[in-house]
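Below: one structure, written as structure tokens.
The values are calculated or read from the model by the stated rules, or taken from the named source; none is laboratory data. Keep in mind that what you see is a predicted model, and the values were worked out from it rather than measured. As a convention, Cβ positions derive from the backbone with ideal geometry for all residues, glycine included, and neighbour counts pool all protein chains shown.
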Amino acid sequence: MVNIEGDLHMTSGEGEGSYAKYSRRQTIVIDETKPVIEKAIIEVYKAILPQTMVIADLGCSAGPNTMFFMSNVINIIADHCSKLDEHDPIELQFFLNDLPGNDFNQLFRSLEKIKTSTTMYHKGDSLPSYYISGLPKSYYSRLFPRQSVPVGLEAGGKSLSNMDNIYISSTTTPLVVKLFQEQFRKDFSLFLKLRHEELVNDGHMVLIFFGRKDEDVYNGSLSHILGCVAKSLESLVCKGLVNKEKLESFNLPVYGPSDDEVMEIVMESHMFDLVHMKLFEANWDPYDDSVDDVVHDIANSSQNITMGIRSVLESLIASHFGESILDVLFQEFRPLVAQHLEREKTKYAVIVMSLKKI
Ligand SMILES: C[S@@+](CC[C@H](N)C(=O)[O-])C[C@H]1O[C@@H](n2cnc3c(N)ncnc32)[C@H](O)[C@@H]1O
């Protein structure tokens, strides 16, 4: 059974193979969602006129994206306040949340660079003061005091087999698909309920997460890429490097919902107004910015994708199967990704939504 709270962490450091190096795709997604974040911040500012604004980045990791997000927020507030000619400057309190295994030391060290990026942007204007705290805890538990700011596959206690799959694939039974969906519904509803308790009235929350473009649950981009990881694990079973039962007991704690599925859960919660929702697509290769459907350099792209997926999954895989399989596993994975890219340039579907507490 995967123990996400104890075992998951993005690969730390800033070197080759680190999450920091392969999180460029997420940077682009954050950049594209800047108008949504800006709108949410300004609406909260106007509604509350706070002396201190509390902003939380949930699942922040230790890469450059947290700094990028925080610089954006500081710049948006500074621009807005300078237009209003505010004399009593607002102060910002950032809470950076991730699981306890996250490399918070690296994260805090990297935040020094915020000063340079925000001062360069404002050249001499005064910037709001900001304070930063770390919050090492799962966001499926309460993180903040009330109104201060946002398992595996089991049915009736029994595990159902997903065979050699580690996510939903063409051979996953409808019953197991239902379990993935029920787990997502349970987790996302809990997440909404907890954030509703923590947010002040009129507080906003912008969520960015993997989704699915196609209504058909078997045709999500996560199924394609995680299918390649599953095939690589299967080939290690054939080589006697991984025990078959170990593989059968491994399922990833993720689910890519369609926008309708997400909307339905938000509506049923009666806790948030859906201000904005968009599904957009992002290339698997974090370094390929082309917008067409052609993979221009399969060898290079398959290597980038392999490093990117490894930087996210290796902690979970190592804790379940042992660290010794990592190199050989991702050697198997890369040609499978290349074969997939020969057939089509599948893209991740990313859902962005802005919610207002009601
Ligand atoms: C793909 S990374 C995204 C990191 C960063 N926000 C970015 O855009 O680059 C997802 C992060 O969510 C964290 N995460 C996953 N489940 C979590 C949970 N239950 N509570 C807190 N953080 C969690 C992971 O540890 C990981 O750092």
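Can Ser12 be described as crowded, with 18+ Cβ neighbours inside 10 Å, away from the ligand (no atom under 12 Å from the Cβ) and small (Gly, Ala, Ser)? Judged against the criteria, Ser12 is not a match.
Is it true that some residue in the range 86-98 is more than 10 Å from the ligand (Cβ to nearest atom), within 21 Å of the chain's Cα centre (by Cα) and within 24 Å of Asp273 (Cβ to Cβ)? Yes, the range 86-98 has at least one match.
If you filter the range 321-344 down to residues that are surrounded by fewer than 18 Cβ atoms within 10 Å (Cβ to Cβ) and in contact with an Asp or Glu (Cβ under 9 Å, 6 or more places away or on another chain), you find that the one that is farthest from Asp293 (Cα to Cα) is Glu323. Against the list (1) closer than 30 Å to His204 by Cα; (2) modelled with pLDDT of 95 or more, the condition Leu252 fails is (2). Within the range 32-50, the set of residues being more than 11 Å from the ligand (Cβ to nearest atom) and out of contact with any His (no Cβ under 8 Å at 6 or more places or on another chain) comprises Glu32, Lys34, Pro35, Ile37, Glu38, Lys46, Ala47, Ile48, Leu49, Pro50. Residues in the range 98-157 that are at pLDDT 85 or above and touching a Gly at 6+ places or on another chain (Cβ under 9 Å): Asp98, Leu99, Pro100, Gly101, Asn102, Asp103, Phe104, Gln106, Leu107, Phe108, Pro136, Tyr139. The number of residues in the range 17-58 being at pLDDT 75 or above and of a type outside the set (Gly, Ala, Ser) comes to 22.
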